[in-house]
Amino acid sequence: MEKIFSEADLKYIVERGNSLDKIMQQLHYFKNGIPKINLYKSATINEGIWKLNEKEQQHYVDYFDSNKTKFVIEKFVPASGAATRMFQFLNEFLNNFNPDEDTITSYINKFNDPNLNIFIVGIRNFPFHPELKEKTKQLFPEYNKYTSDQKVYAIIKTLLSPEGLHFASKPKGILPFHVKNGEIHTPIDEHVTESEFYQKENQKSKIHFTVSKEFQAHFESILSKYNNIDATFSYQDQTSDTIAVEANNLPFRLENNELFFRPGGHGALIDNLNQLTSDVIFIKNIDNVAQNNIKTGIENKKILGGILLELQTQIFIYLSELQNENITETTIHEIKDFVEHRLSMPLLDEFKMFQKNYQREYLIKVLNRPIRVCGMVKNEGEPGGGPFWVIDSKGRQTLQIVESSQVDLQNEKQREIFKNSTHFNPVDLVCGIKDFRGNKFDLTKFVDPDTAFITEKTKNGKPIKAFELPGLWNGAMAKWITIFVEVPLTTFNPVKTVNDLLKPAHQPNHE
């Protein structure tokens, strides 16, 4: 360690509040690589994924509605990231297009960029179009005399430049996503509307947003028009930042010789989630909102919530029974059956060989952990991971959400399993984060550190390797009780690029 870090480095690490042990672990992973996930098979309908009929769906909706008042419920919305990727193809256009020499058509053909054409054709249907056009005319007084290509360039320049709307540098949460009755609605507005389904009489709905500090005031301004919301905020703490290295796996240093740390990615938010104290927490990304199909979305949230509350109630009953050393073998067998078939958690073959007292202790260990119910949609070719049965280092099968970068795609068998995935990353999650005695779990104890990611980036024009913590609903929740439930595709409406706002789910008059 003395060879890697100077005394000044160690002082800097302490000042930042980073853990030296974690930094050394990250350096170990850079040098030795991160173990790949061992896929056993895809999770499919009735093989790890629940598919409910109408009667079952109604049962869980009713169960949620009947029991929600017994619990403190909150929504957790990751919303700190900037909308950079949303406008990436437009930024590339500004970087590569010469308005004096190129035409839009020649650019689209040269760079094979159909997205630009979709953006131009649909420009009037974006919710921000009136504001954008007005601002463009302010910045470009000769706008009305421009050719059509010059107008397109001026509009995109206005959309992204600091003098203009500067949308790519703002968080998605505060951007105009929808128009309703002539009013602009941001994702924040849509999340507030959604939260009504768990609101209790004469109480405010709780929503927690993870934000970047510089934009918190923007969030608060949008939320100020609502008197039925108790909104709280947190930031991605720099203590969760990870160290970056050069190609030789030695720490990358800035021009002043200081160590370079980067945000630990999506997975760092497990620390933010861990600060919440509510009984039940719904999780949904900031950009997965819709203008339409609101009723369907809310009904499916109630279904997931009903499943969580009913399963958690049964788990708590069993954990209470397991505290009794005189528990009967019949009850032990009943609990084993529940764990394996209802919770999809196969026990080790040797479980039946254990003495009763050890079986009891083992079942307590299996059941006494946080629980998440994940809404999964059918895979329609979107990039990303999905639900799989995974074999861990001790030979146990568990249900996990796995990204492609975690899989050895050079291995034909693993590649085939991954390719045959039928469902996609979770659309909605609902989590129970307290134990059967009402104490909050320390969620950091249920993370699998071997599911981190190493990515290649650049800093100051130089290539670096970056370390991303296990994803929030990937490795960060690897040791939770996990239930996958199929939900309709209409509940999945992310806005990954600005053109997604042109899809029916985000346009008015479709419901």
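The values are calculated or read from the model by the stated rules, or taken from the named source; none is laboratory data. Nothing here was measured: the structure is a model prediction, and the numbers come from that model. Cβ placement follows ideal geometry from the backbone for every residue including glycine, while neighbour counts extend to all protein chains displayed. These area figures cover heavy atoms from the full protein model, side chains too; ligands, DNA and RNA do not enter into them. Shrake-Rupley method; radii C 1.70, N 1.55, O 1.52, S 1.80 Å.
Just to be sure, is Asp237 at pLDDT below 95 and either surrounded by fewer than 17 Cβ atoms within 10 Å (Cβ to Cβ) or under 19 Å from Asp287 (Cβ atoms) (or both)? Criteria met by Asp237. State whether the residues of the range 231-240 include one that is in contact with a Phe, Trp or Tyr (Cβ under 9 Å, 6 or more places away or on another chain) and in a loop (DSSP other than H, G, I, E, B). Within the range 231-240 (the criterion being in contact with a Phe, Trp or Tyr (Cβ under 9 Å, 6 or more places away or on another chain) and in a loop (DSSP other than H, G, I, E, B)), the answer is no, since none of the residues qualifies.
Can you tell which of Lys459, Lys445 is under 30 Å from Asn18 (Cβ atoms), more than 20 Å from the chain's Cα centre (by Cα) and among the charged types (D, E, K, R)? Full working, then the answer.
Details: Lys445 fails: more than 20 Å from the chain's Cα centre (by Cα).
Going through Lys459, Lys445 in turn, the sole match is Lys459.
From the list Thr84, Thr103, Thr186, the lone residue that is open to solvent by 60 Å² or more (accessible area, probe 1.4 Å), touching a helix residue (DSSP H, G or I) at 6+ places or on another chain (Cβ under 9 Å) and within 17 Å of Asn288 (Cα to Cα) is Thr84.
Touching a Gly at 6+ places or on another chain (Cβ under 6 Å) and either modelled with pLDDT under 95 or open to solvent by 10 Å² or more (accessible area, probe 1.4 Å) (or both): is that true of Val427 in this structure? Break it down stepwise before answering.
Numbers: touching a Gly at 6+ places or on another chain (Cβ under 6 Å): yes; either modelled with pLDDT under 95 or open to solvent by 10 Å² or more (accessible area, probe 1.4 Å) (or both): yes.
Judged against the criteria, Val427 is a match.
Within the range 451-485, being crowded, with 24+ Cβ neighbours inside 10 Å, assigned to a strand (DSSP E or B) and of a type outside the set (A, V, I, L, M, F, W, C) holds for one residue alone: Thr482.
Taking (1) part of a strand (DSSP E or B); (2) more than 24 Å from Pro78 (Cα to Cα) in turn, Asn425 satisfies each apart from (2). Annotation note: of Gln199, Gln150, Gln138, Gln203, the sole residue that is within 25 Å of the chain's Cα centre (by Cα) and open to solvent by 20 Å² or more (accessible area, probe 1.4 Å) is Gln199. Evaluation of Val447 against the conditions (1) in contact with a strand residue (DSSP E or B) (Cβ under 6 Å, 6 or more places away or on another chain); (2) open to solvent by 20 Å² or more (accessible area, probe 1.4 Å); (3) more than 27 Å from Ser195 (Cβ to Cβ) shows that the sole unmet condition is (1).
Which pairs do you get when a residue that is open to solvent by 80 Å² or more (accessible area, probe 1.4 Å), found in the range 214-234, comes within reach of a residue that is part of a loop (DSSP other than H, G, I, E, B), reach meaning Cβ atoms under 9 angstrom, with the pair 6+ apart or on two chains? Short answer, once both residue conditions are applied: His218/Lys170; His218/Val211; Asn227/Lys204.
For the range 276-313, which positions are in a loop (DSSP other than H, G, I, E, B) and under 27 Å from Val498 (Cα atoms)?
Residues of the range 276-313 that are in a loop (DSSP other than H, G, I, E, B), as a first pass: 276-279, 284-293.
Once the filter is applied, which keeps residues that are in a loop (DSSP other than H, G, I, E, B) and under 27 Å from Val498 (Cα atoms), the range 276-313 yields Lys284, Asn285, Ile286, Asp287, Asn288, Val289, Ala290, Gln291, Asn292, Asn293.
Among the residues of the range 314-341 satisfying the criterion of being of a type in the set (Val, Ile, Thr) and without any contact (Cβ under 8 Å) to a residue 24 or more places away in the chain, which is surrounded by the fewest Cβ atoms within 10 Å (Cβ to Cβ)? Even if it seems obvious, please write down each step before you answer.
Going through the range 314-341, the residues of a type in the set (Val, Ile, Thr) turn out to be 315, 317, 327-328, 330-332, 335, 339.
Going one step further and asking which of them are without any contact (Cβ under 8 Å) to a residue 24 or more places away in the chain, we end up with 317, 328, 330-331.
Details: Ile317: 12, Thr328: 11, Thr330: 8, Thr331: 14.
Checking each candidate, the answer is Thr330.
Mind checking whether some residue in the range 159-176 is under 30 Å from Ser205 (Cα atoms), in contact with a His (Cβ under 6 Å, 6 or more places away or on another chain) and part of a strand (DSSP E or B)? There is no residue in the range 159-176 that is under 30 Å from Ser205 (Cα atoms), in contact with a His (Cβ under 6 Å, 6 or more places away or on another chain) and part of a strand (DSSP E or B). Confirm whether Ala268 is assigned to a helix (DSSP H, G or I) and either open to solvent by less than 20 Å² (accessible area, probe 1.4 Å) or closer than 30 Å to Ala8 by Cα (or both). Considered against the rule, which asks whether it is assigned to a helix (DSSP H, G or I) and either open to solvent by less than 20 Å² (accessible area, probe 1.4 Å) or closer than 30 Å to Ala8 by Cα (or both), Ala268 comes out as yes.
If you check Gly33 against the conditions, is it touching a residue at least 12 places away in the same chain (Cβ under 8 Å), touching a Pro at 6+ places or on another chain (Cβ under 9 Å) and not aromatic (Phe, Trp, Tyr)? Can you show your working first?
Working: touching a residue at least 12 places away in the same chain (Cβ under 8 Å): yes; touching a Pro at 6+ places or on another chain (Cβ under 9 Å): no; not aromatic (Phe, Trp, Tyr): yes.
Here the answer is no, as Gly33 does not meet what is asked.
Checking each residue in the range 486-504 for being surrounded by fewer than 21 Cβ atoms within 10 Å (Cβ to Cβ) and of a type in the set (A, V, I, L, M) picks out Leu489, Leu502. Within the range 349-375, being under 31 Å from the mean Cα position of the chain (by Cα) and over 30 Å from Asn300 (Cα atoms) holds for Leu363, Ile364, Lys365. Every listed requirement among (1) in contact with a strand residue (DSSP E or B) (Cβ under 8 Å, 6 or more places away or on another chain); (2) open to solvent by 40 Å² or more (accessible area, probe 1.4 Å); (3) within 30 Å of Ser6 (Cβ to Cβ); (4) among the hydrophobic types (A, V, I, L, M, F, W, C) is met by Ile243 save one, (2).
Do we have any residue at all in the range 386-399 that's crowded, with 18+ Cβ neighbours inside 10 Å, aromatic (Phe, Trp, Tyr) and touching a Phe, Trp or Tyr at 6+ places or on another chain (Cβ under 6 Å)? Within the range 386-399, one or more residues are crowded, with 18+ Cβ neighbours inside 10 Å, aromatic (Phe, Trp, Tyr) and touching a Phe, Trp or Tyr at 6+ places or on another chain (Cβ under 6 Å).
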